[in-house]
Amino acid sequence: MPTVNFKINSKNYSVDCGAGQEEQILSIASQIDARERSLSSMFGEVDSETLLLMVCILTFGDLMKSKNKVATLEKDLLTLKNDSVDQNDIVETISKLTLKIKDISKNLLSDNPNCDIDNVESIIDFNR
């Protein structure tokens, strides 16, 4: 079992981990160290237990916010999936509307003998 060595707030730590987890642990340790240093600079001398507790509280607060955001996004995605219309239905509806527009155009333009109905049909033919 591999052992990972790192520093947090100038203190050395060693943690055993599963094979392949070394980089992840080093990354997490680096983030904890950065957060501890930030808090230490804000509050001055604070004992390491209190500092670590503050890091945990802030980190879990961030985690809870992220979980809530993911839950909201998942709910929104599910709503979108349930509300979505099949693309074939959309194409069929557009085709029907195109035919209706052609029929209306023919009726309207038949009253005007100077208008070229074939030209108008080619203009509104969305399928070409």
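Bear in mind these aren't lab numbers, they're just calculated from the coordinates by the rules spelled out. Please read these numbers as outputs of a predicted model, since none were measured by experiment. Using ideal geometry, Cβ is built from the backbone for each residue, glycine included, and neighbour counts are taken over all protein chains shown.
Cα to Cα, under 20 Å, and not fewer than 8 places away if on the same chain: which lysines meet these conditions relative to K75?
Output for K75: K65, K67.
Name the long-range amide H neighbours of Q21: under 5 Å, sequence gap of 5 or more, or other chain; modelled H, no Pro or chain starts.
none
Restricting everything to alpha-carbon atoms, can you work out Rg to Rh for the stretch 39-88 with a Kirkwood hydrodynamic radius? Provide the component values of the computation, followed by the final result.
Details: Rg = 20.1 Å, Rh = 14.0 Å.
That ratio equals 1.43.
Mind listing which GluC sites (Glu not before Pro) in the stretch 13-46 are in a DSSP loop and have 11 or fewer other Cβ atoms within 10 Å? Before the final figure, lay out each step's value.
On the way: sites: E22, E23, E36, E45; in loops: E45.
Loop-located and lightly packed - E45.
Please list 3J(HN,Hα) in residue order for the stretch 31-42, calculated via the Karplus relation 6.51 cos²θ - 1.76 cosθ + 1.60 where θ = phi - 60°; whole Hz, with x for glycine and proline.
Going residue by residue, I get 5, 5, 4, 4, 5, 4, 4, 5, 5, 4, 6, 6 Hz, with x marking Gly and Pro.
With 10 Å bins from zero, work out the P(r) of the stretch 3-83 over every alpha carbon pair and list the percent per bin.
16, 33, 27, 15, 8, 1
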